[in-house]
């Protein structure tokens, strides 16, 4: 939890700066005034393993079949057929999943969690940080080996939302927890004489800047 007092802002923005080294760019025109991107990631490369396997197998099989057909009298027809089938397989088995991966964004800002997906049919989810009640993650053995997992966000008025294949899910979980709990007036402050604990004065419903 972020320490209270003036150091909390410095600590929070140090976390933002450090994490941006591991993020990708996102258009600022979709952000509100004063809102900053804390974290921006695409899904883990694990979801591209099958598309790349399809790409390699398709190219290999196409070359092998083309070599077998080169000594036949109908080799031109065979090459055209092989090329058409290979092209369809590569488009649907590799290109479409790659574009889907490239256009899927998981973003944490100073105000909300954003999820965007799709090109032709664009879908998006925005979760204000103030409405998030809990954040947890899950990852099995394979996910732990490759470094990803499922992030589960619960808000006050929605069913839990699961975001699969989040890279470095434990780090994302910790960062998001800090963003949700970054208000120093939510904490208790150690002060006074004799090590007594006192609570910060009530600040009302103070909004995020």
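Each value in this text was obtained by applying a stated rule to the coordinates, not by laboratory testing. Every value quoted in this text rests on a predicted model; they were computed, and no experiment measured them. Every residue, glycine as well, gets a Cβ built from its backbone with ideal geometry; the counts of neighbours run over all protein chains shown.
Taking 0.36 nm per residue of separation and subtracting the Cα-Cα distance, full extension of the segment from residue 33 to residue 126 would add 31.9 nm. Quick one: grab the alpha carbon gyration tensor of the stretch 48-100, order the square roots of its eigenvalues as a ≥ b ≥ c, and give me rounded if a/c is under 1.5, else prolate or oblate depending on whether a/b is larger than b/c. Oblate, since a/c reaches 1.5 and b/c is not below a/b. Each of the peptides 80-91, 143-154 was scored by the mean count of other Cβ atoms within 10 Å over its residues; in descending order, highest first, they stand as 143-154, 80-91. Shape summary of the stretch 44-137, radius of gyration then Dmax from alpha carbon positions: 21.1, 71 Å.
Computed from label points 7 Å out along Cα-Cβ, the spacing between residue 78 and residue 116 is 4.9 nm.
For residue 52 and residue 85, a Förster radius of 30 Å and the Cβ-Cβ distance give a FRET efficiency of 0.95, rounded to the nearest 0.05. Neighbour counting of Cβ atoms within 10 Å sorts the residues 71, 126, 165, fewest neighbours leading, into 71, 126, 165.
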